[in-house]
Amino acid sequence: MTLQKRFESDSKVLLLDEDTIRTWRLLYEEDGIDGLVSFGYEGSACRLDDEQQARLISWITETLPRSTRAIGAWIAAECGIEYQSRSGLIALLHRLGMEHRKPRAISRKLDPEKQAAFIKAYENLLNQLADDEAVLFGDAVHPTHAVRPVGCWSPKDVPVAVEQSSGRDRLNIHGAIDLETGRTVMKDVLTVDAASTIMLLMAIEAMYPGKRLIHVFLDNARYHHAKLVQTWLARSDCRIKLHFIPPYCPHLNPIERLWGLMHRHTTHNKCYASFKDFSIAMLDFLRSDVPKNWTTWCDAVTDNFRIINPTKYRILT
């Protein structure tokens with residue numbers, strides 16, 4: 001008897017449609033009995049009793065296991081119950097209020113009070129900003145000539161790959177962005193240092209000839225505090241005023257989000273045959289595409305700041 005005729009025969013005997021019979025077969029092939037038991041019953045009874053569930057929750061909370069395999073091994077050893085499928089374990093964990101998450105990398109040196117003070121000062125500045133003033137955020141980035149493979153949807157039976165470049169050349173960009181307009185200044189420099197900082201500030205002044213005062217927010221990199229930079233700022237006709245973001249707080253610099261947007265559009269699953277092609281793509285995106293498409297991308301690069309308090313996280317050791 002062919003498989004199709006068997007489906008037809010079984011559906012008549014069980015008074016069910018053929019698609020249901022096929023689904024049962026697939027579930028059994030993939031997950032065994034667990035797959036059939038859970039089919040169509042979102043509220044199926046848990047195989048662990050209340051005391052075993054409590055012990056499992058306590059163990060997971062204490063040890064933070066990295067895989068369902070480790071959890072299944074613990075259940076088998078402590079409770080004598082074997083979970084044959086990963087999907088059954090995942091359903092159990094979700095029922096118990098667990099989820100698989102990636103730890104967030106944060107610095108223990110973060111100071112919530114300094115973050116709050118910075119945010120308040122920044123908001124006060126914007127509220128009092130005159131028409132002849134502008135605000136920009138600056139930073140340096142060093143993208144390497146390499147493709148970044150990321151997940152994508154594709155036909156199930158088609159394996160996908162991306163060519164990887166063999167070069168290790170790195171592009172040094174010292175740049176700034178105006179969150180109000182999306183205008184950018186991006187300097188392609190040999191080295192990010194005090195000299196490149198001055199070049200960036202000079203370009204910003206040139207971009208805003210009609211502004212009396214230009215506020216530029218930077219991180220605390222040593223070259224931003226260099227004596228050469230301080231001397232340049234001390235000029236009587238200087239229209240730049242520097243503000244510094246609290247230490248260890250890249251989340252308070254929106255241009256960091258711009259670098260992420262840059263990679264999503266230029267290096268994710270994209271390979272450039274030469275470093276020249278790579279550099280052109282990067283700089284064209286930052287200098288041209290960002291201002292041109294700012295109304296679309298502005299929500300991805302915002303000054304919607306938040307305070308990160310390390311004491312509210314469980315720090316893994």
Could you please let me know if R47 is within 19 Å of L316 (Cβ to Cβ) and either assigned to a loop (DSSP other than H, G, I, E, B) or modelled with pLDDT under 90 (or both)?
no
Go through the residues of the range 176-193 one by one and say whether even a single one is touching a residue at least 24 places away in the same chain (Cβ under 8 Å) and more than 27 Å from the chain's Cα centre (by Cα).
yes
Hey, among K312, K292, which residue is farther than 23 Å from R183 by Cβ and open to solvent by 40 Å² or more (accessible area, probe 1.4 Å)?
K312
Looking at A273, A226, A281, which one is open to solvent by 70 Å² or more (accessible area, probe 1.4 Å) and among the aliphatic types (A, V, I, L, M)?
A273
Assess whether R239 counts as being closer than 16 Å to F137 by Cα, among the basic types (K, R), open to solvent by less than 70 Å² (accessible area, probe 1.4 Å) and touching a helix residue (DSSP H, G or I) at 6+ places or on another chain (Cβ under 7 Å).
yes
Is it the case that some residue within the range 24-40 is at pLDDT 95 or above, of a type outside the set (G, A, S), open to solvent by less than 80 Å² (accessible area, probe 1.4 Å) and over 21 Å from Y313 (Cα atoms)?
no
Just give me the residues in the range 207-219 being open to solvent by 30 Å² or more (accessible area, probe 1.4 Å) and either closer than 25 Å to W297 by Cα or under 28 Å from the mean Cα position of the chain (by Cα) (or both), in sequence order.
M207, D219
Give me a count of the residues in the range 70-116 that are within 24 Å of T311 (Cβ to Cβ), open to solvent by less than 60 Å² (accessible area, probe 1.4 Å) and not in a loop (DSSP other than H, G, I, E, B).
3
Checking D139 against (1) over 22 Å from the mean Cα position of the chain (by Cα); (2) under 30 Å from R239 (Cβ atoms): exactly one of these is not met. Which one?
(1)
Exactly one of A203, A146 is in contact with a Lys or Arg (Cβ under 7 Å, 6 or more places away or on another chain), under 26 Å from A221 (Cα atoms) and among the hydrophobic types (A, V, I, L, M, F, W, C), and that one is A203
Would you confirm, using the coordinates I've provided, whether I280 is at pLDDT 95 or above and within 19 Å of L179 (Cα to Cα)?
no
By residue number, the members of the range 130-175 that are open to solvent by 30 Å² or more (accessible area, probe 1.4 Å) and in contact (Cβ under 8 Å) with a residue 40 or more places away in the chain are A130, D132, H142, A146, R148, P149, V150, C152, V162, E163, Q164, D169
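The values are calculated or read from the model by the stated rules, or taken from the named source; none is laboratory data. As the structure is a prediction and not an experimental result, all values here were calculated from the model. Virtual Cβ from ideal backbone geometry, glycine too; neighbours counted across all protein chains shown. Only protein heavy atoms, including side chains, enter the accessible area calculation; ligands, DNA and RNA are left aside. Shrake-Rupley method; radii C 1.70, N 1.55, O 1.52, S 1.80 Å.
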